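Participant: This is the structure, below, for whatever I ask next.
The values are calculated or read from the model by the stated rules, or taken from the named source; none is laboratory data. Remember, predicted model here, so these are calculated numbers, not experimental data. Every residue, glycine as well, gets a Cβ built from its backbone with ideal geometry; the counts of neighbours run over all protein chains shown.
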């Protein structure tokens, strides 16, 4: 990228892809930065290396856009200063937690800083928000115990994520979330003292992750899930009593969504419909077709044909008639 455009690009990338924020640099003309981002499903993992920069997120920024994430950052190089919710820390080689829903100020003023950041939706963390708030902008150790395990896992995952497929990355995202939860719970004290609602939420998330990783198993049933987690079937149903879907309905819906996505993929166009159905745990072609139609309003074959026809229609359109992605029609 042209030297004179680098800082503007970095500001735009952070504000549009992460969250609105004001960034400033004493030497924008010589600014250098690199960003790597990995989608892990329930969480996102990224690395940022940049020249000295100051950041400020105000209530106005939050009103403009808030992903409602907790950001757990590992400072792998340099020194980073952060302040949020009345707490201020200087971190070098440690972990620090911040909340996108609260104003904050950060600075890396002395040389390049490199960070590895895990973005965790607040709703996905099985810890009470008021307890998590105690950890904001604090220097959390990353060289011993659960902090060291988490730091090692995140850096290794970032280095070796490229060859992994979407399903494998989602599984790694579940592991990252569990490790981050364990690390933060340890920082708060005895994890066993977590309140009942947090323990129930964590149990549900474990079940959801188990379902996610085993959708292709035709023997995945509520009873099998209960047995795997050492609880009774009644306890499992009670755990999901206030959720939008029962456990069985969640399994069924998730399988249909995976099959729906695969049938639209051009690279799987030669795979028989039944092979894709079996891949996601459907043993009966008739039952799969009926469930698919009920869920999406058309048969699997019609859905596939629709996506095959779309590129052909686009290719026949004159170039001047196409509307660029994101452009407004007038």
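Participant: Which residues, counting only those in region 232-270, are in a loop (DSSP other than H, G, I, E, B) and crowded, with 16+ Cβ neighbours inside 10 Å?
Facilitator: Of everything in region 232-270, just one residue is in a loop (DSSP other than H, G, I, E, B) and crowded, with 16+ Cβ neighbours inside 10 Å, namely 240.
Participant: Across region 211-231, what is the total count of residues that are over 18 Å from residue 279 (Cβ atoms) and not in a loop (DSSP other than H, G, I, E, B)?
Facilitator: 7
Participant: Still on this structure: Give me the strands (runs of 3 or more DSSP E) completely within region 1-120, filtered to those with at least 1 residues that are over 25 Å from residue 188 (Cβ atoms), ordered by residue number. If you could, list the steps in order and put the result at the bottom.
Facilitator: On the way: elements: 22-24, 33-39, 44-50, 53-57, 69-77, 80-84, 87-91, 95-99, 104-108.
Of the strands (runs of 3 or more DSSP E) lying wholly inside region 1-120, those with at least 1 residues that are over 25 Å from residue 188 (Cβ atoms) span 22-24, 33-39, 44-50, 53-57, 69-77, 104-108.
Participant: Please give the number of the condition residue 89 fails out of (1) at negative phi; (2) at pLDDT below 90.
Facilitator: (2)
Participant: A further question follows. Need the failing condition index for residue 116 against (1) at pLDDT below 95; (2) under 18 Å from residue 48 (Cβ atoms), just the number.
Facilitator: Among (1) at pLDDT below 95; (2) under 18 Å from residue 48 (Cβ atoms), the lone unmet condition for residue 116 is (1).
Participant: Going by the structure shown, is residue 201 out of contact with any strand residue (DSSP E or B) (no Cβ under 8 Å at 6 or more places or on another chain), crowded, with 18+ Cβ neighbours inside 10 Å and in a helix (DSSP H, G or I)?
Facilitator: yes
Participant: Another question about this same structure. Can you tell me how many residues in region 272-292 are closer than 21 Å to residue 214 by Cβ and surrounded by 13 or more Cβ atoms within 10 Å (Cβ to Cβ)?
Facilitator: Final tally of qualifying residues: 12.
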